[in-house]
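Notes to accompany the following structure.
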Amino acid sequence: MKSLKKLFLLLIIVGLVSAGVFYFRDTKAPQLSLTPGSGPISKKTKLLLSLNDEGMGIKNVQVIVIQEGKQTPLLKRDFPPQTRVADLELDLSVLKLKEGGLQIEVITTDQSIYHLGKGNTTQQLFTLTYDTRAPIISILSKAHNFTKGGSGLVIFGLNEEVEISGVKFGDYFFPAYQQESGHYACLFAYPYDVKESAFVPRVIALDLAGNERQLGMYYRAKNKKFRQRKINISDRFLAQKIPEFESMVTDIDDPVDIFLYVNRTVRQQNRDQIAEFSSQTASTPLWNGAFLRQPKAASLARFADYRTYYYKGKEIDKQVHQGQDLASVAQAEIVAGNAGEVIWAEYLGIYGLCVIIDHGLGLQSLYAHMSQLDVQPGDVVARGQILGRSGATGMAGGDHLHLGIFVSGVSVQPIEWWDAHWLQDNIDIKLQIP
Ligand SMILES: [Zn+2]
């Protein structure tokens, strides 16, 4: 009798303990996150609600949108047992919302029997701003005159903070940079290979909520014809350059094929790399007055010469010369065209030993085929400061400087930047707009 009583008591204890274990098995509330969970949003913004419960799983969720004290249910969902993770997209476009402050309340409960069977609940409030108005762009600069292959500047104001702004046409986009005045400055190019009919620049601005505005501007575009040039590739040139080019190719033995690989593939890789450098730019202009041409140097090949390459009288390639060649004496001192920061100072494919200087607003100058470099990346250089000495490294037959000027990675005519009048009328005067 006594032992039966003991067994009964033991059973009760075991029962209580296991009930307790079951009751306290999941006391942790589910976790939730909303992306974006703050800041501006628009009708188009995709709001992602992520839920997760490591214990018994999520039971249900409820989403309420609150604006000016008015609560509107947006979503109610029950989940099957064992739902540990759930990602839901919230669609605000089904609600009639007003511009301005907005709160999203999320309440989610798990499958636990804790809290007398009610389970664990997480309740979180997110404060956002509903913005469906695109930014207002006011163009502040006048006289946007472009010559094919050349550069120009537009200054504009915006009524709100933006994610990105700049000038767009075709596949081209030139970013704008906010200045101390609060205005935005955007340097852009009329690329040498863009048809006059395709050069229709528009200012665009995308706000933080994702609303975009585009605005046309008054501009004048002057066409320009570029030269056609024949280049003969001699066996002597190949014999001289192949040892250097061999380091850039694999599995090619024929000297003409090696030349063609470097002239086409390496040239394109180098251009892509230069386009990537354009984001490493100061947001304010670093240049000071007109750019220096190299002292006492004569002009050789010009910007946007359309070159046809021949070998033993047969046409083998076509490329466009994207810079200006200058030469004086061999191993001449090469100077910085203007003040800026060195962002590249080493070998770069067809450009050989090469220096690239950032002058701000996406404007960069490139000095190629050098024999000696006296600067390194990060150096801040003054206008006229010696960068090194000229040479014939890379795709060069003789000692000369190849000077490239780039606007957000697009090569432009250097002569405009050497011209103090052009610079004053087209660039500097606009940067002074208060
Ligand atoms: Zn050149």
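General remarks:
- Separation of alpha-carbon centers, the range 319-384 and the range 74-119, rounded to whole Å: 58 Å
- With neighbour counts taken as other beta-carbon atoms within 10 Å, the residues 367, 347, 184, 311 rank, fewest first, as 347, 311, 184, 367.
- Local charge for residue 298 was computed over the other residues whose Cβ lies under 14 Å away, with Lys and Arg +1 and Asp and Glu -1, and equals +1.
- Residue-count net charge about residue 256 - beta-carbon cut-off 11 Å; Lys, Arg +1, Asp, Glu -1: -3
- Sum of -39500 (n - 2.57) over DSSP H runs of 4+, divided by residues of the chain (222 nm, nearest 500): -4000 deg cm²/dmol
- Integer Hz, Karplus 6.51/-1.76/1.60 couplings in order for the range 308-317, x for Gly and Pro: 10, 9, 10, 10, 6, x, 9, 5, 10, 6
- For the peptides 419-428, 285-294, the ranking by mean Cβ contacts within 10 Å, running from highest to lowest, is 285-294, 419-428.
- Proximal aspartates and glutamates to residue 148, defined as alpha-carbon separation beneath 18 angstrom and excluding residues fewer than eight positions away on the same chain: 171, 193, 196, 305, 416, 419, 425
- Computed packing ranks the peptides 396-408, 239-251 as 396-408, 239-251, most packed first, by mean other Cβ atoms within 10 Å.
- In the range 131-198, the GluC sites (Glu not before Pro) that fall in loop regions by DSSP, at most 14 other Cβ within 10 Å: 161, 180
- Order of 359, 115 - criterion: other Cβ atoms within 10 Å of each residue's Cβ, fewest first: 115, 359
- Compared with the dominant principal axis of the Cα atoms in the chain, helix 267-277 is inclined by about 60°.
- For 278, 234, order by how many other beta-carbon atoms lie within 10 Å, fewest first: 234, 278
- Taken about its Cα centre, the chain carries a charge dipole of roughly 1180 debye when the Cβ of each Lys and Arg holds +1 and the Cβ of each Asp and Glu holds -1.
- Summing Cβ point charges (Lys, Arg +1; Asp, Glu -1) relative to the Cα centre of the range 221-316 gives a dipole of roughly 1020 debye.
- Cα shape, the range 300-434, gyration tensor, a/c 1.5 rule: oblate
- Note on the chain: Cα-only Rg and Dmax are 32.8, 120 Å.
- Considering every alpha-carbon pair of the range 215-323, the percent of pairs per 5 Å bin, from zero through the bin containing the longest distance, is 2, 8, 13, 15, 17, 17, 12, 8, 5, 3, 1.
- Seen through its C-alpha gyration tensor, with square-root eigenvalues sorted a ≥ b ≥ c, the range 26-130 comes out prolate because a/c lies at 1.5 or above while a/b is bigger than b/c.
- Of the residues 51, 33, 72, the one whose Cα sits farthest toward the positive end of the charge dipole of the range 33-83, with +1 on the Cβ of Lys and Arg and -1 on the Cβ of Asp and Glu, is 72.
Where a number appears in this text, it was derived from the coordinates with a stated rule and is not lab data. On a predicted model such as this, the values are computed, not experimentally measured, just so you know. Note that each Cβ is placed from the backbone with ideal geometry, even for glycine, and that neighbours are counted across all protein chains shown.
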